1. Exactly one condition in (1) crowded, with 22+ Cβ neighbours inside 10 Å; (2) out of contact with any Lys or Arg (no Cβ under 9 Å at 6 or more places or on another chain) is false for Met94; which is it?
2. Could you grab me the full set of residues in the stretch 28-64 that are closer than 22 Å to Phe131 by Cβ, in a helix (DSSP H, G or I) and touching a residue at least 12 places away in the same chain (Cβ under 8 Å)?
3. With (1) closer than 22 Å to Leu173 by Cα; (2) touching a residue at least 60 places away in the same chain (Cβ under 8 Å); (3) crowded, with 18+ Cβ neighbours inside 10 Å as the list, and His76 as the residue in question, which single condition is left unmet?
4. Does Gly38 fit the bill of being among the small types (Gly, Ala, Ser) and either under 20 Å from Glu151 (Cα atoms) or out of contact with any Ser or Thr (no Cβ under 8 Å at 6 or more places or on another chain) (or both)?
5. Name the pairs: first residue in the stretch 1-16 and within 15 Å of Ser93 (Cβ to Cβ), second residue at pLDDT below 95 and not acidic (Asp, Glu), Cβ to Cβ under 6 Å, at least 6 apart or on different chains?
6. Kindly indicate whether any position in the stretch 112-123 is under 29 Å from Ser93 (Cβ atoms) and surrounded by fewer than 13 Cβ atoms within 10 Å (Cβ to Cβ).
7. Name the one entry in Ser25, Ser20 that is of a type outside the set (D, E, K, R), closer than 17 Å to Cys109 by Cα and not in a loop (DSSP other than H, G, I, E, B).
8. Output the residues belonging to the stretch 94-124 that are without any contact (Cβ under 8 Å) to a residue 12 or more places away in the chain and within 17 Å of the chain's Cα centre (by Cα).
Amino acid sequence: MLAEPTGSPDTILVCIRGNSGSGKSSIARELRRRHGRGCALVEQDYLRRILLRERDKPGGAAPALIAQTVRFALDHGYHVVLEGILHSSRYRSMLTALRDDHRGRSLFCYLDVSLAETLRRHLTRPQAGEFTAEHMSGWYAAHDVLGWPGELVLPETTTLVDAVEALAAAAGLPQTGRDDDLLPSVPSP
């Protein structure tokens, strides 16, 4: 299958990866909020766990659905913030295709947070009762960076505000809080 270019020279893709409890959802939501309308938030957990109700196992449908959702938003003129654990062992090929096919700027970020810190943070989350420290330990992948040039790796000492500002600056994503509606540029059939 030939690669299909996606997005435009003006669209921005920001991908935030990290272990459960690393802060990626909070950072992604704040980055999008500060940008305002015209920025799609694509959450791995929502698409995989809620929409598909699928476990994160090899051969699942989630990677294809995530890629299709990101491409749809980019192709309609939206910037995209993609966030999730997105383990390199299962998602590298999908992420590589998004990076290589995107016509605009793409930034990939990894939140490098220790297991001890993710467990501490988990206790403060609304979903703390949904899964245990043992579950989180089983999912944990230490320093699961992609190793790509330009990949931004943020340590666990990075605050929410500092992470959002670093990502916005590195990606060139305006933080204007725009409220005007973005009318999608629907491609011709």
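1. Result: Met94 fails condition (1) only.
2. Matches in the stretch 28-64: Ala28, Arg29, Gln44, Asp45, Leu47, Arg48, Leu51, Ala62, Pro63.
3. Unmet for His76, out of (1) closer than 22 Å to Leu173 by Cα; (2) touching a residue at least 60 places away in the same chain (Cβ under 8 Å); (3) crowded, with 18+ Cβ neighbours inside 10 Å: (3).
4. The answer is yes for Gly38.
5. none
6. No, the stretch 112-123 contains no residue that is under 29 Å from Ser93 (Cβ atoms) and surrounded by fewer than 13 Cβ atoms within 10 Å (Cβ to Cβ).
7. That would be Ser25, the only listed residue that is of a type outside the set (D, E, K, R), closer than 17 Å to Cys109 by Cα and not in a loop (DSSP other than H, G, I, E, B).
8. Thr96
The values are calculated or read from the model by the stated rules, or taken from the named source; none is laboratory data. Just so you know, these numbers come straight off a predicted model, no measurement behind them. FYI the Cβ positions are ideal-geometry reconstructions off the backbone, even for glycines, and counts take in every protein chain you see.
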